[in-house]
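The values are calculated or read from the model by the stated rules, or taken from the named source; none is laboratory data. Just so you know, these numbers come straight off a predicted model, no measurement behind them. With ideal geometry, Cβ positions are generated from the backbone for all residues, glycine too; neighbour counts draw on all protein chains shown. The accessibility values were calculated without ligands, DNA or RNA, using every heavy atom of the protein model including side chains. Shrake-Rupley method; radii C 1.70, N 1.55, O 1.52, S 1.80 Å.
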Amino acid sequence: MNSIDDAPGLAPKTFRFSDVDEFRNAIRGLNFEFTPFVRKISAEQTILSLPSCDVNLTRAFPRVVDAQLVENCTAVGFTMDDLNVPIRFNGSQRARPVVVIGSGGAAYTTIEEVQRQIASVVFRPEVTDRGWPHAVSSFKIFETTAAGLNGLRSVVREVLAAASEPVDAAGLPSKAAAMKESLLGAVDDAFESVVSARWTLRPNDERNFRIFQDIRALLSDDLSQPIYSGEMARKLNLSVRTMHDVVRRYRGMSLHRYLRLRRLWLVRRRLLAGAESVKAVALAFGFWHLSDFSRSYRDQFGETPSQTLAFGRSR
């Protein structure tokens, strides 16, 4: 990771990542977990810290993300690009101008199939007096006008650019307060421009999102143990069909494919930490067919498990 740490005044800090775990550990304000879709990552994060407000601009990579916002804050998120491959947010995917919002404790899940540029503005404490949508248990998504979204994007770009300009120490508090006020106003405008869109009912359905969260929690308990759909459905008091439909909706893939991808990344993390042996780690995460495991690992990461282990031990 490379960082610019000593810029004066309000200047934003930029961090660049080529290591998955460094990127994971750098995320602030969220309980954050992800599974990459790519062998190698190239990510960049720019952070501007204002009084009671952070602006984050991230160039991410293809991945599955599960996140939960920390307490006593409000986060507003949106893309900064216009690609034809929309992000799957809370189980729905539309190529529309959208804004998402969540307050302390709210959770969300996304699938980003291609590299995206994403912005978020996190206000502390929680914003309760501006008429914004209320979203506590899960983030909500709203379709807005192109003008509303582009206005929000423009203010973020202008704030980041202006923050890098020199200013005397006496003027810093006034400049920072004015920047925050501009951000609040841009969010006001984006939500005032929200259009009625039936498709948003599905990703904003808290009941189905809770079912998905229950499934994810059960799967996260111990991925090294065999996962049988019938037993899972019984524990969650769901039909097997409902469970599979929910997983495919929120993950965009079958339960089996997601679990296999997740296990491979967990194996990689263990190997990079200098595990005892490839065989021991593979078996610990449920890969009993070792030749099939090695082939899948090489296809996913472009190197053999033993090469990863050797690199982990040399660090």
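Quick one: in the stretch 154-168, of everything that is closer than 22 Å to residue 81 by Cβ and among the charged types (D, E, K, R), which residue is farthest from the chain's Cα centre (by Cα)? Per the stated criteria, the residue is 158.
Got at least one residue in the stretch 80-93 being of a type in the set (S, T, N, Q), open to solvent by 20 Å² or more (accessible area, probe 1.4 Å) and not in a loop (DSSP other than H, G, I, E, B)? Within the stretch 80-93, none of the residues are of a type in the set (S, T, N, Q), open to solvent by 20 Å² or more (accessible area, probe 1.4 Å) and not in a loop (DSSP other than H, G, I, E, B).
Of the residues 264, 236, 309, which is among the hydrophobic types (A, V, I, L, M, F, W, C) and surrounded by fewer than 19 Cβ atoms within 10 Å (Cβ to Cβ)? Explain how you work it out, then say what you get.
Values: 264 fails: surrounded by fewer than 19 Cβ atoms within 10 Å (Cβ to Cβ); 309 fails: surrounded by fewer than 19 Cβ atoms within 10 Å (Cβ to Cβ).
Only one candidate passes the filter, namely 236.
Between 190, 135, the distinction of being in contact (Cβ under 8 Å) with a residue 12 or more places away in the chain, assigned to a loop (DSSP other than H, G, I, E, B) and open to solvent by less than 40 Å² (accessible area, probe 1.4 Å) belongs to 135 only.
Of the residues examined, residue 216 is not one that is over 20 Å from residue 33 (Cβ atoms), at pLDDT 85 or above and either in a helix (DSSP H, G or I) or among the small types (Gly, Ala, Ser) (or both).
When residue 227 is tested against (1) open to solvent by 40 Å² or more (accessible area, probe 1.4 Å); (2) among the aliphatic types (A, V, I, L, M); (3) under 30 Å from residue 93 (Cβ atoms); (4) assigned to a helix (DSSP H, G or I), just one condition goes unmet, and that condition is (4).
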